[in-house]
1. Mind counting the residues in the stretch 81-114 that are touching a residue at least 60 places away in the same chain (Cβ under 8 Å), assigned to a helix (DSSP H, G or I) and out of contact with any Lys or Arg (no Cβ under 9 Å at 6 or more places or on another chain)?
2. Looking at Ala82 and the list (1) closer than 19 Å to Leu13 by Cα; (2) at pLDDT 95 or above; (3) crowded, with 22+ Cβ neighbours inside 10 Å; (4) not hydroxyl-bearing (Ser, Thr, Tyr), which single condition is not satisfied?
3. Please enumerate the residues belonging to the stretch 108-120 that are touching a strand residue (DSSP E or B) at 6+ places or on another chain (Cβ under 8 Å) and either β-branched (Val, Ile, Thr) or over 13 Å from Arg178 (Cβ atoms) (or both).
4. Report yes if Val64 is part of a loop (DSSP other than H, G, I, E, B), within 24 Å of Arg105 (Cα to Cα) and within 15 Å of the chain's Cα centre (by Cα), otherwise no.
5. Does Ile35 fit the bill of being part of a helix (DSSP H, G or I) and free of Cβ contacts under 8 Å to residues at least 60 places away in the same chain?
6. Are any residues in the stretch 59-79 within 22 Å of Leu141 (Cα to Cα), out of contact with any helix residue (DSSP H, G or I) (no Cβ under 6 Å at 6 or more places or on another chain) and buried (at least 19 other Cβ atoms within 10 Å of the Cβ), and if so, which ones?
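The values are calculated or read from the model by the stated rules, or taken from the named source; none is laboratory data. On a predicted model such as this, the values are computed, not experimentally measured, just so you know. Virtual Cβ from ideal backbone geometry, glycine too; neighbours counted across all protein chains shown.
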Amino acid sequence: MRIIAGAARGLRLKMVPGKHVRPTADRVKESLFHIIGPFFEGGWVLDLFAGTGALGLEALSRGVDRAVFVDRHRLSVETIRANVQLAGFEEQAEIYQRDARAAIRVLARRGIRFQFVFIDPPYREGWHVPVLKQLAATPILEKNGVVVVESASDQELPKAVEALHVTRELVYGDTAIRLYQLQRNV
């Protein structure tokens, strides 16, 4: 697993010890960033269920100003810290060991708005919809912000969760990526 493009291109990332983390495959990551980027001029990203931090680090490497990494597992947080340091992004990263929904509440109180939110939870534990509902109910996304949701390709997720609607779906073998954006009645 590596950073694919940008300032830290080619950097090999550390893996989380054990089997509780399933990192996003490089080919999936590369395709995703070609669709949402491929490069950025500032902005903030939120990497929920961050695991190794690969998605947030890829965004930092491609030009976002700041990334917030959230994972509830100590080993994941330690790995994220090590990878942030390896990439030289310590000044641009915030790392929290917390539940994703608690982190959303805290970040919303701080008034932070994110251009991208990455959600890559354990596939079969039922986190997708509750986290999407909380994001839809919280003013945490920028006006045209995108929520990137990774799941198993055979896993059913709704086309809309509150005001968040799927704008694009991509399937790569056993992995599916859905892009959600806010659509409010004006």
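1. In the first step, residues of the stretch 81-114 are kept if they are touching a residue at least 60 places away in the same chain (Cβ under 8 Å); the result is 82-83, 86-89, 107, 112-114.
Narrowing the set further to residues that are assigned to a helix (DSSP H, G or I) leaves 82-83, 86-87, 107.
Next, from what is left, pick out any that are out of contact with any Lys or Arg (no Cβ under 9 Å at 6 or more places or on another chain): 87, 107.
Qualifying residue count, the stretch 81-114: 2.
2. Looking at each condition in turn, Ala82 falls short on (3).
3. Start the filter on the stretch 108-120 by keeping residues that are touching a strand residue (DSSP E or B) at 6+ places or on another chain (Cβ under 8 Å), which leaves 112-120.
Those that are touching a strand residue (DSSP E or B) at 6+ places or on another chain (Cβ under 8 Å) and either β-branched (Val, Ile, Thr) or over 13 Å from Arg178 (Cβ atoms) (or both): Ile112, Arg113, Phe114, Gln115, Phe116, Val117, Ile119.
4. On the way: part of a loop (DSSP other than H, G, I, E, B): yes; within 24 Å of Arg105 (Cα to Cα): yes; within 15 Å of the chain's Cα centre (by Cα): yes.
Yes; evaluated as a whole, the condition is true for this residue.
5. Working: part of a helix (DSSP H, G or I): yes; free of Cβ contacts under 8 Å to residues at least 60 places away in the same chain: no.
No: the conditions fail for Ile35.
6. We begin by selecting, within the stretch 59-79, every residue within 22 Å of Leu141 (Cα to Cα); these are 59-72.
Narrowing the set further to residues that are out of contact with any helix residue (DSSP H, G or I) (no Cβ under 6 Å at 6 or more places or on another chain) leaves 59, 61-65, 68, 72.
Scanning the stretch 59-79 gives Ala59, Ser61, Arg62, Val64, Val68.
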